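To start, the structure under review is shown below, and the notes come after it.
Only the coordinates and a few stated rules stand behind these numbers; no lab work does. Note that the structure is a prediction, hence the values are computed from the model and not measured. Note that each Cβ is placed from the backbone with ideal geometry, even for glycine, and that neighbours are counted across all protein chains shown.
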Amino acid sequence: MLKVVVLLKRKPGMSREDFVRYYESHHAVLATELVPGLLEYRRTYVSGDHPAFGAAPDSPEFDVITTLVFADLAAYEHAFRTLQRPEIARRIADDEEQLFDRSCIRSYLAEEYVSELPAAGMDAASRLLAIEEIKQLKARYFRFMDTKDWAGLRTIFCDDAVFDARASLSIDGHGKEGRAAESNSWVYRKGDVIVDFIKGAIGSARTVHHGHCHEIELISLNQASGVIAMEDQIWDEAGQMLTLHGGGHYHETYRRVDGRWRILTSRITRLHVSLGG
């Protein structure tokens, strides 16, 4: 993820109420229409009348912190080129004149660090919601894989994810010979690499994966671990020959990234696997 932070001040003579109203009802709508590749567009309004942590009231140098989130540097650069097109730049500038003191606009590429807080601080509803979101994440993993939605599958994994699939074709990941030995070295790192591996491993085969009996433990507000029972069946492309039938578990860790849970590490273990074909 790549974030851009923009500091903005309302134009002289405009009340804070009118500023927020116009931004939310007009400028935000325009921005989401014209800026391509946005994953998130957030406005955080500040007020000198309500200082925090005992500070004295003052007049802040800006009225809103606007955050734009893109998937990566390429998406940001595409958005930047788009905003430089004369017809789009003109529409943005004309609307900014209605709202901002344009001489005070400041924008920065931002690098974010988040401190992990104990999950003990979460109330029961928040804990249940987080657990359900992780269960939904794993459900999408199975569906995206079986329907061969590779773009969707990429959204499941963290950028720095690790996938240990050595036990895909054997009980212990140490197959002695033949097809069972093919998966002995199947450990993949990085979200893009993992999806490419799964895509190549499945190919055009027909697959059915079921996951159930989720055991989720929240470690912090943004970290969790889980064990998910699974069964998988794979047929040839024609659906005539069963080439694999297995069962076991996924042992996983999860990280919440920009408010959404993703798989950080995933390891397959087997209770049974039968190879055919």
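Numbers for the structure displayed
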quantity: Relative packing of 116-126, 87-97, which averages over residues the other C-beta atoms within 10 Å, highest first; calculated: 87-97, 116-126
quantity: Length released on extending from ALA151 to VAL29, taking residue separation times 0.36 nm less the Cα-Cα span; calculated: 41.2 nm
quantity: Principal-axis tilt of helix 191-202 within the chain, Cα atoms, nearest 10 degrees; calculated: 30
quantity: Cβ-placed point charges (K, R +1; D, E -1), dipole of the chain about Cα centre in debye, nearest 20; calculated: 380
quantity: Rg(Cα) / (2.2 N^0.38 Å) computed for segment 155-230, rounded to two decimals; calculated: 1.26
quantity: Kirkwood Rh (inverse of mean 1/r, distinct Cα pairs), segment 2-110, angstrom; calculated: 14.8
quantity: Ranking of TYR113, TYR108, TYR22 by count of other Cβ atoms within 10 Å, fewest first; calculated: TYR113, TYR108, TYR22
quantity: Calculated log₁₀ intensity ratio I(q)/I(0) where the Debye formula runs over C-alpha points of the chain, q = 0.09 Å⁻¹; calculated: -0.60
quantity: Furthest towards positive pole of dipole, ILE65, SER107, PHE80, structure part segment 2-110, Cβ charges; calculated: PHE80
quantity: Cut-off under 5 Å, modelled amide H: who pairs with ILE219 long-range; calculated: ALA224, SER225
quantity: Ranked list, fewest to most other Cβ atoms within 10 Å of each Cβ, for CYS104, CYS213; calculated: CYS213, CYS104
quantity: In order through segment 32-41: 3J(HN,Hα) via Karplus (6.51 cos²θ - 1.76 cosθ + 1.60), integer Hz, x for Gly, Pro; calculated: 5, 6, 9, 8, x, x, 5, 8, 7, 9
quantity: For LEU244, distant residues with modelled amide H under 5 Å away; calculated: ILE234, GLY276
quantity: Relative contact order, percent, the chain [alpha-carbon distance under 8 Å, six or more residues apart]; calculated: 16
quantity: Count, lysine Cα pairs under 27 Å in the chain, 8 or more residues apart or across chains; calculated: 13
quantity: Theoretical ellipticity at 222 nm over the chain - DSSP helices of four or more residues, -39500 (n - 2.57) apiece, nearest 500; calculated: -8500 deg cm²/dmol
quantity: Principal-axis tilt of helix 73-83 within the chain, Cα atoms, nearest 10 degrees; calculated: 40
quantity: Principal-axis tilt of helix 124-146 within the chain, Cα atoms, nearest 10 degrees; calculated: 60
quantity: Where labels lie 7 Å past Cα in the beta-carbon direction, separation of VAL46 and ASP123 in nm; calculated: 2.9
quantity: Charge dipole (the chain, unit charges on Cβ, about Cα centre) - positive-most of ALA165, GLN240, TYR22; calculated: GLN240
quantity: Least to most buried among THR265, THR147 (fewest other Cβ within 10 Å first); calculated: THR147, THR265
